[in-house]
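The values are calculated or read from the model by the stated rules, or taken from the named source; none is laboratory data. Since this is a predicted model, take the numbers as computed values, not measurements. Here Cβ is always computed from backbone atoms with ideal geometry, including for glycine, and neighbour counts include all displayed protein chains.
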Amino acid sequence: MPRTFKTEAIVLRSIRYGEADRVLHLYTPDHGRVGAIAKGVRRTKSRLGGRLEPLSRVRLVLHQGRGELCTVSQVDTVHPHASLRERRGSLERATQACEAVLRLFDTTESNRPAYNLLCNELGLLDGSAEAAGRPQALAFRLKLLLAAGFAPELGACAACGEAEHLGAFSPSAGGVVCAGCEAGSFPLGEEAHRFLVSALARPLSEAPPAPEPALAQADRAIAETLEYHAHVRLRRVA
C-alpha cells in the first residue's frame, strides 16, 4: 500500500477521539478493512464536515504513516444514504449490515464481492422502506457468507452427498443433512430450505417471501454457520 492512496469506502463505524477527532472503521473495495483518523472533524469549521458519518459511501485520500491508522486528508461523498436515516427500520438494518461486515471481514485483504454487496444493501435500504424486511436482511447475511467463503451446502447432504430426505441442518457439517446424518443437527423444514436456496440464487433486491417459522429456521442456520465456521456471533435478525 502506498503512503498516500485514494479509495472508495463505506464508513462502518465512527468513534470520538480526543477533543475534536474521530477514529473510523472503513471498508474498501481494494484494501479491505482500514482504520483511519479524521483530525479535527468535530470542529464546526472542519472541511470534512459531516461527510464521514457511519453508513456513508465516500471517496477518500488517505495517508499511511508509521502508526496503524491512516489519516484522512480529503473526502468526497459518493452517496450519503440520507433517506434510510429517516426511517428507524431501515437505519437499524443498515447498522446491522455494517456491523456484520465489520465483524466478518477484519483484515486488509480485498474482497470486492463483500464491498459491492454492502453497497447494494445500503442502496436498497435507502431507496425503499420495504427493503428493511426480515427476508431481505437474511438474504444479505446469506450472501455475505458466500462472499466470505462459508456458504452452506444446500443441494445435497453436507455429510454424505445424499440428494433426498434433507430435513435438517448441521452447522458442523456445513449445511443440510439427511436423516442418516442428522446427529448434532436441528430441523430445517421444506419452506426454510427453499427460502435459503432461493435467497442465495436471486438478486438481493428479489429476496423471496417466507412464513415466520421458516424465516426463524433460516436465521438459525445462518447464525450458527457464522458461529461455527467464522467464529462470529451476530444478533439474530428480528
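Go through segment 90-120 and give me each residue that's small (G, A, S) and either closer than 20 Å to L142 by Cβ or assigned by TED's automatic domain parsing to the domain that holds E68 (or both).
Within segment 90-120, S90, A94, A97, A100, A114 meet the criteria.
Might you check whether a residue that is assigned to a strand (DSSP E or B), farther than 19 Å from F140 by Cβ and of a type in the set (S, T, Y) occurs anywhere in segment 41-56?
no
Within segment 1-34, restricting attention to residues that are of a type in the set (V, I, T) and either in contact with a Gly (Cβ under 7 Å, 6 or more places away or on another chain) or over 19 Å from R112 (Cα atoms) (or both), which residue is surrounded by the most Cβ atoms within 10 Å (Cβ to Cβ)?
Per the stated criteria, the residue is V23.
Cβ-Cβ under 8 Å, sequence separation 6+ or interchain: first residue in segment 145-158 and not assigned by TED's automatic domain parsing to the domain that holds A199, partner among the polar types (S, T, N, Q). Which pairs?
Close Cβ pairs satisfying both conditions: none exist.
Of V34, V61, which residue is part of a strand (DSSP E or B), outside the structural domain of A114 (by TED's automatic domain parsing) and farther than 19 Å from C98 by Cβ?
Unique residue meeting the criteria: V61.
Regarding segment 160-171, can at least one residue be identified that is outside the structural domain of R59 (by TED's automatic domain parsing), of a type in the set (A, V, I, L, M, F, W, C), touching a Pro at 6+ places or on another chain (Cβ under 9 Å) and more than 18 Å from R57 (Cα to Cα)?
Yes, because at least one residue in segment 160-171 is outside the structural domain of R59 (by TED's automatic domain parsing), of a type in the set (A, V, I, L, M, F, W, C), touching a Pro at 6+ places or on another chain (Cβ under 9 Å) and more than 18 Å from R57 (Cα to Cα).
Yes/no per residue for (1) surrounded by fewer than 19 Cβ atoms within 10 Å (Cβ to Cβ); (2) touching a residue at least 40 places away in the same chain (Cβ under 8 Å); (3) in a helix (DSSP H, G or I):
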{"position": "V176", "(1), (2), (3)": "no, no, no"}
{"position": "G184", "(1), (2), (3)": "yes, no, no"}
{"position": "A199", "(1), (2), (3)": "no, yes, yes"}
{"position": "A210", "(1), (2), (3)": "no, yes, no"}
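With G18, G50 as the choices, which residue is under 30 Å from A238 (Cβ atoms), at pLDDT below 95 and not assigned by TED's automatic domain parsing to the domain that holds A223?
G50
Which condition does V75 not pass, out of (1) touching a Ser or Thr at 6+ places or on another chain (Cβ under 8 Å); (2) in a strand (DSSP E or B); (3) over 23 Å from L144 (Cα atoms), if it passes all the others?
(1)
From the list P113, P135, P152, exactly one residue is modelled with pLDDT of 95 or more and within 21 Å of A238 (Cβ to Cβ). Which is it?
Exactly one of P113, P135, P152 is modelled with pLDDT of 95 or more and within 21 Å of A238 (Cβ to Cβ), namely P135.
Sort out which residues of segment 79-95 are surrounded by 14 or more Cβ atoms within 10 Å (Cβ to Cβ) and either within 19 Å of the chain's Cα centre (by Cα) or modelled with pLDDT under 95 (or both), and write them in order of number.
H79, P80, H81, L84, R85, G89, S90, L91, E92, R93, A94, T95 - these are the residues of segment 79-95 that are surrounded by 14 or more Cβ atoms within 10 Å (Cβ to Cβ) and either within 19 Å of the chain's Cα centre (by Cα) or modelled with pLDDT under 95 (or both).
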